[in-house]
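The values are calculated or read from the model by the stated rules, or taken from the named source; none is laboratory data. The shown structure was predicted, so the numbers you read here are calculated from the model rather than taken from an experiment. Cβ coordinates were reconstructed from backbone atoms using ideal geometry, including for glycine residues, and neighbour counts include every protein chain displayed.
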Amino acid sequence: MANTIASIRDAAQEIAKRGQILPHQLAALSALDQALTPEQRQQFTEDWRAVGSPAAPMPKPLPPPVRKTTNPLTGFPYFAQGNNGNEGWRQCQSSSIGMCLAYLGVGGIKDDLDYLRVVERHGDTTSQAAHQAALAELKVRARFVTNCSASQLQAEIRAGLPAAIGVLHHGPTSAPSGGGHWLAAYGFDAYGWTVNDPFGELDLLNGQWLRTGGKSGRNLRYSYRNLNPRWLIEGQASGWAWLFS
């Protein structure tokens, strides 16, 4: 066997290669450690724990970014379904959900047409199944419910989450009817809901519309007294909604 002198570097490389340290090797390193001066030991510690070294202390993870919760939710976007072409008149559900997704920062969704293109890969804009499949493709935590209540919707908004809700927009408040209409709720107060209605401003008392087109449905305040009967048709916990909690 050749009579060579092992360096500390050679010893460290051998330990790394083997993936283990033998008893006599540990004893040799321990003896070397005892021979070091305090200054040498401090320098070794600093070099051993340098940034990037496996021996470096693990940095504390950064806290996740927190969106400051406001009521109404600040910066909530408005998308008008009437801008979506010939079929826009029937795309209120897509536009309402699209507003929520854009606010939540879902990748690839800058407006309702971005979301609509995903929906149409899975079915029709009026189909909850198509929307569920589209949201799954986008990896969005979302659920369609038919038992939402006013208190639950308020809790969602308090948590910084908007919701799309389905209402009956025909007939008087006392007897609402129709195939249904969707809008995005993103705020509330003692009076009622703050909503973005993608078609325009509803005539809550009589049904149909007071104004349509442009941004006529943006940042509306719909009273509990006149909107809730159109939303909570079968009781206090019977609202149709897309929730993102």
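Across the stretch 186-198, the number of residues qualifying as among the hydrophobic types (A, V, I, L, M, F, W, C), closer than 12 Å to Asn219 by Cβ and touching a helix residue (DSSP H, G or I) at 6+ places or on another chain (Cβ under 7 Å) comes to 1. The residues of the stretch 134-151 that are over 26 Å from Arg90 (Cβ atoms), in a loop (DSSP other than H, G, I, E, B) and either touching a residue at least 40 places away in the same chain (Cβ under 8 Å) or over 18 Å from the mean Cα position of the chain (by Cα) (or both) amount to a single one, Arg141.
Scanning the stretch 82-105 for residues that are at pLDDT 95 or above, of a type outside the set (Ser, Thr, Tyr) and either part of a loop (DSSP other than H, G, I, E, B) or under 11 Å from Leu116 (Cα atoms) (or both) returns Gln91, Cys92, Gln93, Ile97, Gly98, Leu104, Gly105.
I'd like to check something: does the stretch 64-80 contain any residue that is among the polar types (S, T, N, Q) and in a helix (DSSP H, G or I)? Spell out the reasoning first.
Restricting attention to the stretch 64-80, the residues satisfying the condition of being among the polar types (S, T, N, Q) are 69-71, 74.
Of the ones still in play, those that are also in a helix (DSSP H, G or I) are none.
No, the stretch 64-80 has no match at all.
If you scan the stretch 39-80, which residues turn out to be under 23 Å from Arg221 (Cβ atoms) and modelled with pLDDT of 75 or more? Correct list: Thr69, Thr70, Asn71, Pro72, Leu73, Thr74, Gly75, Phe76, Pro77, Tyr78, Phe79, Ala80. Taking into account only those residues within the stretch 189-211 that are within 27 Å of the chain's Cα centre (by Cα) and outside any loop (DSSP other than H, G, I, E, B), which is surrounded by the fewest Cβ atoms within 10 Å (Cβ to Cβ)? Top of the filtered list is Gly192. From the set of residues in the stretch 212-239 that are loosely packed, with under 15 Cβ neighbours inside 10 Å and free of Cβ contacts under 8 Å to residues at least 60 places away in the same chain, which is nearest to the chain's Cα centre (by Cα)? For the stretch 212-239, the residue satisfying everything is Arg221. Of the residues making up the stretch 152-208, those that are touching a residue at least 60 places away in the same chain (Cβ under 8 Å), over 14 Å from Gln91 (Cα atoms) and among the small types (Gly, Ala, Ser) are Ala159, Gly160, Ala163, Gly187. There is no residue in the stretch 107-114 that is surrounded by 14 or more Cβ atoms within 10 Å (Cβ to Cβ) and among the small types (Gly, Ala, Ser).
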